[in-house]
1. Of the numbered conditions (1) over 20 Å from I9 (Cβ atoms); (2) at pLDDT 80 or above; (3) among the polar types (S, T, N, Q), N81 satisfies every one except a single condition; which is it?
2. Is it true that some residue in the stretch 52-61 is in contact with a Ser or Thr (Cβ under 8 Å, 6 or more places away or on another chain), of a type in the set (G, A, S), closer than 22 Å to D99 by Cβ and modelled with pLDDT of 75 or more?
3. From the set of residues in the stretch 62-78 that are modelled with pLDDT under 80 and either in contact with a Leu (Cβ under 9 Å, 6 or more places away or on another chain) or among the hydroxyl-bearing types (S, T, Y) (or both), which is farthest from K96 (Cα to Cα)?
4. Return only the number of the condition from (1) of a type outside the set (F, W, Y); (2) surrounded by fewer than 16 Cβ atoms within 10 Å (Cβ to Cβ); (3) modelled with pLDDT under 80 that I38 does not satisfy.
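The values are calculated or read from the model by the stated rules, or taken from the named source; none is laboratory data. Everything quoted here is computed from the prediction, not taken from an experiment. Glycine also receives a Cβ, built like all others from the backbone with ideal geometry; neighbour counts cover every protein chain displayed.
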Amino acid sequence: MKHTKGEWIFEEGHFNNDTHNLGYGTIIADNWNIAEIIPNVKTGKYIPSEESKANAKLIAAAPDMLEILETTLASLGSEMNLPEDVIFDIRAAIKKATD
């Protein structure tokens, strides 16, 4: 599985459906909308929380973090001076993102 290449950017803003302002922002990469971040409509609040913004920023940073993990693992080669559990966690995170 391959993700959309390029920098992922979180753009704050709002988009509307027929009755409510549902949007807080969009994650964009290579002129494609990757995801739209909307508030939790179950609460009846249509203004998203700071948690929603933090989640969006984390999603937008995910490709960069994946690349750093892959580069780190590759650069360690046979000289892995990290504890085994850290290497295991790096491999598990890469697998979670790519399987």
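1. If we test N81 against (1) over 20 Å from I9 (Cβ atoms); (2) at pLDDT 80 or above; (3) among the polar types (S, T, N, Q), just (2) comes out false.
2. The first filter runs over the stretch 52-61 and keeps only residues in contact with a Ser or Thr (Cβ under 8 Å, 6 or more places away or on another chain), leaving none.
Within the stretch 52-61, not a single residue is in contact with a Ser or Thr (Cβ under 8 Å, 6 or more places away or on another chain), of a type in the set (G, A, S), closer than 22 Å to D99 by Cβ and modelled with pLDDT of 75 or more.
3. If we filter the stretch 62-78 for residues that are modelled with pLDDT under 80, which is where we start, we get 76-78.
Subsequent filtering for residues that are either in contact with a Leu (Cβ under 9 Å, 6 or more places away or on another chain) or among the hydroxyl-bearing types (S, T, Y) (or both) retains 76, 78.
Working: L76: 20, S78: 23 Å.
Taking the candidates together, the pick is S78.
4. Unmet for I38, out of (1) of a type outside the set (F, W, Y); (2) surrounded by fewer than 16 Cβ atoms within 10 Å (Cβ to Cβ); (3) modelled with pLDDT under 80: (2).
Residues checked against (1) surrounded by 13 or more Cβ atoms within 10 Å (Cβ to Cβ); (2) in contact with a helix residue (DSSP H, G or I) (Cβ under 6 Å, 6 or more places away or on another chain); (3) under 22 Å from T4 (Cβ atoms); (4) among the hydroxyl-bearing types (S, T, Y):
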site: A62; (1), (2), (3), (4): yes, no, yes, no
site: L66; (1), (2), (3), (4): yes, yes, yes, no
site: S75; (1), (2), (3), (4): no, no, no, yes
site: I87; (1), (2), (3), (4): yes, no, no, no
site: I94; (1), (2), (3), (4): yes, yes, yes, no
site: T98; (1), (2), (3), (4): no, no, yes, yes
